[in-house]
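For reference, the structure is listed below as structure tokens.
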Amino acid sequence: MTHEIAETGAGDNGAGVIDGGVIDGGAVGEKDRSDASGEKDRSDAPGTGFFASVDDVAARLAEVGYLASTAVATTVFLADRLGKPLLVEGPAGVGKTELAKAVARVGAARLVRLQCYEGIDESRALYEWNHAKQLLRITAGRDEAWDDTRSDIFSDEFLLTRPLLTAIRGDEPTVLLIDETDKADVEVEGLLLEVLSDFQVTVPELGTITATQRPFTVLTSNATRELSEALRRRCLFLHLGFPDAELERRIVTLRVPGLDDTLADSLVRVVGALREMELRKAPSVAETIDWARTLLALGADTLDENVVRDSLGVILKHQDDIEKAARKLTLV
């Protein structure tokens, strides 16, 4: 998981990024939605209260450019209502991470992102003490009693919060994204168990910190390794695969305005044919969108053989896949 502070350009919602967690500042949508009786949907229930119904999930996600199937909308609604973490599994590029971002936008919530990688540990995921600052404080207070110094250096001023603790300590609507969980070591799952079961963290020097505002939590996995049953038990499960042709066409035309309908149909049909081949990596939805933007940039109005062969590198990322596709593709 990334842990250095980094700067990025603002996204569509003017987001700021703290890498180690991305802390997304702005969001489109309202903080609260009223139900049919006019009462606010947020309550004392364990959920986050972002959505009023399954239809509300689908409609509001569509407003920010995420087209959700009924199964996706239902699972998101249940995770929101029950306050359970949502484990989203599937191949890369099908919209797992984007789902969390879309929920943050419609819920007017900040997005705290923990990007997983091999070798991540508690100090990068949860918290660590600012040792350099502590040493300076000890040096400056060398004439003080140790008890006074100790109580000072183990205070919030010297605590470096990482994404998990940041999300738990927040008192505002928050979406916690634990991205590519399967890339983290198995030991990290033990750390997640306490966080995801009770949304609390124990810092020995400070005690137990419990969330006052439970975050909407999304874990993503590309299924490169099996996650533990204990972790799965704490989550609702959603599998995101490649969409059917009609849904993918709608996604492409929504994300790439100006794309001709006929060209969109041809593009989706070719991508579907590529996924039927035994490739090292099948093209993802994200790559379908990239290809659509490429065709617009090239000024292509039809998907003929030359255009496809010249631009296959946009959707296929291995030379043997490109060669196989060039041999087998038949454009009608």
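Counting only strands (runs of 3 or more DSSP E) that sit wholly inside segment 172-225, those with at least 1 residues that are touching a residue at least 60 places away in the same chain (Cβ under 8 Å) are 174-179, 200-203, 216-221.
Per the listing THR166, THR220, THR202, THR212, the residue uniquely hydroxyl-bearing (Ser, Thr, Tyr) and closer than 24 Å to GLY93 by Cα is THR220. When ALA45 is tested against (1) modelled with pLDDT of 95 or more; (2) hydrophobic (A, V, I, L, M, F, W, C); (3) out of contact with any Ser or Thr (no Cβ under 8 Å at 6 or more places or on another chain); (4) surrounded by fewer than 21 Cβ atoms within 10 Å (Cβ to Cβ), exactly one condition is not met: (1). Return a yes/no flag: does segment 91-98 have any residue that is open to solvent by less than 40 Å² (accessible area, probe 1.4 Å) and assigned to a strand (DSSP E or B). There is no residue in segment 91-98 that is open to solvent by less than 40 Å² (accessible area, probe 1.4 Å) and assigned to a strand (DSSP E or B).
Among the residues examined, LEU67 does not qualify as in contact (Cβ under 8 Å) with a residue 12 or more places away in the chain and closer than 20 Å to PRO215 by Cβ. Applying the criterion of at least 2 residues that are of a type in the set (Gly, Ala, Ser), within 30 Å of THR224 (Cβ to Cβ) and open to solvent by 30 Å² or more (accessible area, probe 1.4 Å) to the helices (runs of 4 or more DSSP H) found wholly in segment 115-167 leaves an empty list.
Checking the conditions here, which among ASP321, ASP310, ASP290, ASP301 is closer than 28 Å to ALA68 by Cα and either in contact with a Leu (Cβ under 9 Å, 6 or more places away or on another chain) or among the charged types (D, E, K, R) (or both)? None of the other options fit; the residue is ASP290. Residues of segment 260-285 being of a type in the set (A, V, I, L, M) and surrounded by fewer than 16 Cβ atoms within 10 Å (Cβ to Cβ), which ones? ALA273, MET277, listed by residue number.
Just so you know, in segment 214-259 the residues that are acidic (Asp, Glu) and more than 17 Å from PRO283 (Cα to Cα) include one that is least open to solvent (accessible area, probe 1.4 Å), and it is GLU229. Scanning segment 56-101 for residues that are in contact with a Cys (Cβ under 9 Å, 6 or more places away or on another chain) and over 25 Å from LYS183 (Cα atoms) turns up nothing.
The values are calculated or read from the model by the stated rules, or taken from the named source; none is laboratory data. None of these values were measured; they are calculated from a predicted model. All Cβ positions, even for glycine, are placed from backbone atoms using ideal geometry, and neighbour counts span all protein chains on display. Just so you know, the surface numbers come from the protein's heavy atoms only, side chains and all, with ligands and any DNA or RNA stripped out. Shrake-Rupley method; radii C 1.70, N 1.55, O 1.52, S 1.80 Å.
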